[in-house]
Amino acid sequence: MSAHSTGLPAAVLGTGQTHHVARRTDVSMAGLCREAIDAAMADAGVGWDDIDAVIVGKAPDLFEGVMMPELMMADALGAVGKPLLRVHTAGSVGGSTAVVAASHIQSGRYRRVLAVAWEKQSESNAMWALSLPVPFTAPVGAGAGGYFAPHVRSYIRTTGAPEHVGAMVAVKDRLNGSINPHAHLKQPDLTVDKVLQGQMLWDPIRFDETCPSSDGACAIVLGDAEAAEAVESTGRNVAWVHATALRTEPGTYAFRNYRNPQAGRDAAAALWAEAGITNPAEEIDAAEIYVPFSWFEPMWLENLGFCEEGEGWRMTESGATARDGSLPVNPSGGVLCSNPIGASGMLRFAEAARQVMGRADEHQVPGARKALGHAYGGGSQYFSMWVVGTDRPERHS
């Protein structure tokens, strides 16, 4: 048993999120967060007096041009007089924030913890914020898409994947998003041909194969065993945290594998070991994977160990990752449908929890009992993951 698996039980009691749109001019960042927080607390059946600590996740401050926004927002977040901690691991921050919040429960220090993450991209320019000038980094000037496109090209070249695989992912996720009332992009009439005929943004990434820029927020309430059992006593399920993992690697070093990063492989291996999972493709009922550009689905399927290296595109092409497939990936529509960057990772974690709690509404995967939440950030260098399940983990009983 690893050191990571000796903590006390933790469970997701409730989740909340906003409707994700291009511009929310009607609310401030604080107002945006409160929408998600209020929904999560209502879902969990808790009040402000029940919250012992607040964990905030935020992507780079340049994304909105506000320095340390968590400080001015402490009152609105219900954090005055309570421990307030900010987490920042680039685009994976939402997932990392959920992991940190869970660890505060597992330590035995707090009974209930509120985690919240957000982005209001409309108030700044993420592409500009990601194109930092020399001497801090090499001049890209193309934002995330320009940075990741060569990795996708390398994946296609080394695996022989046909070009329609990326379009298949885009269609699948957009169709899933079309039945998710919270999703930003809803394209129920999208087809593979339409995607392939679309504008090329960063070869080989086309317009419909990339994520939107969204305003939105997500919140999660986590609790200890006693708090979880109180929720279960009302006839509602919680999402027990079976395992968590965080790993990081440098953005640039000799022999770095950008298509299949070591940090992601190590995080996944640690996650499955802690969760007692030996065959992820068979044992996971739903997977919410961070896919901001469609080709990252097959790449991350390999990185996470759902299939052998070079076989991810075949798994996607077979239909296995469809909502009615053997491994539904992003039944919510994922990052391809909603991308409030700071919250995108937490949305993956929250949507995984919603699946096993049976609260995923129209995009519920029937009978889902174990689900994966996954996020990555930076130059594919920060990884955060968790496995949640309907049943309390045996090691914690």
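Quick notes on this structure:
- Against the numbered list (1) open to solvent by 10 Å² or more (accessible area, probe 1.4 Å); (2) in contact (Cβ under 8 Å) with a residue 60 or more places away in the chain; (3) not basic (Lys, Arg), Pro340 comes up short only at (1).
- Condition met for Val335 (assigned to a loop (DSSP other than H, G, I, E, B) and in contact (Cβ under 8 Å) with a residue 12 or more places away in the chain): yes
- Only a single item in (1) closer than 12 Å to Val221 by Cα; (2) assigned to a helix (DSSP H, G or I) is not met by Leu32, and it is number (1).
- Given (1) open to solvent by 10 Å² or more (accessible area, probe 1.4 Å); (2) under 22 Å from the mean Cα position of the chain (by Cα), index of the condition Lys82 fails: (2)
- Those residues of the stretch 349-383 which are more than 14 Å from Ser332 (Cβ to Cβ), of a type in the set (Lys, Arg) and not in a loop (DSSP other than H, G, I, E, B), in sequence order: Lys370
- Odd one out for Leu185 among (1) more than 26 Å from Tyr258 (Cα to Cα); (2) without any contact (Cβ under 8 Å) to a residue 24 or more places away in the chain; (3) aliphatic (A, V, I, L, M): (2)
- Residue list for the stretch 349-397, filter: crowded, with 21+ Cβ neighbours inside 10 Å and basic (Lys, Arg): Arg354, Lys370
- Cβ pairs under 7 Å, 6+ apart, first in the stretch 14-32 and touching a residue at least 40 places away in the same chain (Cβ under 8 Å) and open to solvent by less than 20 Å² (accessible area, probe 1.4 Å), second β-branched (Val, Ile, Thr) and in a helix (DSSP H, G or I): Gly16/Ile37
- Residue in the stretch 210-229 that is surrounded by fewer than 16 Cβ atoms within 10 Å (Cβ to Cβ) and not charged (D, E, K, R) present: no
- Odd one out for Val113 among (1) touching an Asp or Glu at 6+ places or on another chain (Cβ under 8 Å); (2) β-branched (Val, Ile, Thr); (3) assigned to a loop (DSSP other than H, G, I, E, B); (4) more than 27 Å from Leu336 (Cα to Cα): (3)
- Residue list for the stretch 237-278, filter: surrounded by fewer than 16 Cβ atoms within 10 Å (Cβ to Cβ), under 27 Å from Tyr147 (Cβ atoms) and of a type in the set (Gly, Ala, Ser): Gly251, Ala254, Ala269
- For the stretch 203-221, a residue qualifies if it is over 17 Å from Thr18 (Cα atoms) and not aromatic (Phe, Trp, Tyr), and the qualifying residues are Asp203, Pro204, Ile205, Arg206, Asp208, Glu209, Thr210, Cys211.
- Any chance Thr234 is closer than 16 Å to Gly95 by Cα and open to solvent by 30 Å² or more (accessible area, probe 1.4 Å): no
- Residue match in the stretch 231-245 (condition: in contact with a helix residue (DSSP H, G or I) (Cβ under 9 Å, 6 or more places away or on another chain), over 28 Å from Val46 (Cβ atoms) and in contact (Cβ under 8 Å) with a residue 12 or more places away in the chain): no
- Count of residues meeting criterion [open to solvent by less than 20 Å² (accessible area, probe 1.4 Å), of a type in the set (Val, Ile, Thr) and in a strand (DSSP E or B)] in the stretch 85-110: 1
- Pair list, Cβ < 7 Å and 6+ apart or interchain, from the stretch 268-297 residues that are farther than 30 Å from Gly143 by Cα to residues that are assigned to a helix (DSSP H, G or I) and among the small types (Gly, Ala, Ser): Glu274/Ser5; Ala286/Ala352
- Looking only at the stretch 182-200, and only at residues there that are outside any loop (DSSP other than H, G, I, E, B) and in contact with an Asp or Glu (Cβ under 8 Å, 6 or more places away or on another chain), the one that is most open to solvent (accessible area, probe 1.4 Å): Lys194
- In the stretch 66-79, the residues that are in contact (Cβ under 8 Å) with a residue 12 or more places away in the chain never reach a residue that is hydroxyl-bearing (Ser, Thr, Tyr) and outside any loop (DSSP other than H, G, I, E, B) with C-beta atoms less than 7 angstrom apart, at least six apart or across chains.
- Some residue of the stretch 224-232 being among the hydrophobic types (A, V, I, L, M, F, W, C) and either closer than 28 Å to Asn339 by Cα or at pLDDT below 95 (or both): no
- Residues in the stretch 96-113 that are under 20 Å from Met29 (Cβ atoms), touching a helix residue (DSSP H, G or I) at 6+ places or on another chain (Cβ under 7 Å) and not polar (S, T, N, Q): Ala98 only.
- Selected residue [touching a helix residue (DSSP H, G or I) at 6+ places or on another chain (Cβ under 6 Å) and free of Cβ contacts under 8 Å to residues at least 40 places away in the same chain] from Leu222, Leu196: Leu196
The values are calculated or read from the model by the stated rules, or taken from the named source; none is laboratory data. Treat the numbers as computed from the prediction; the structure is a model and nothing was measured. Please note: Cβ atoms are built from the backbone with ideal geometry, for glycine as well, and neighbour counts cover all protein chains shown. Note: areas computed on protein heavy atoms with side chains; ligands, DNA, RNA excluded. Shrake-Rupley method; radii C 1.70, N 1.55, O 1.52, S 1.80 Å.
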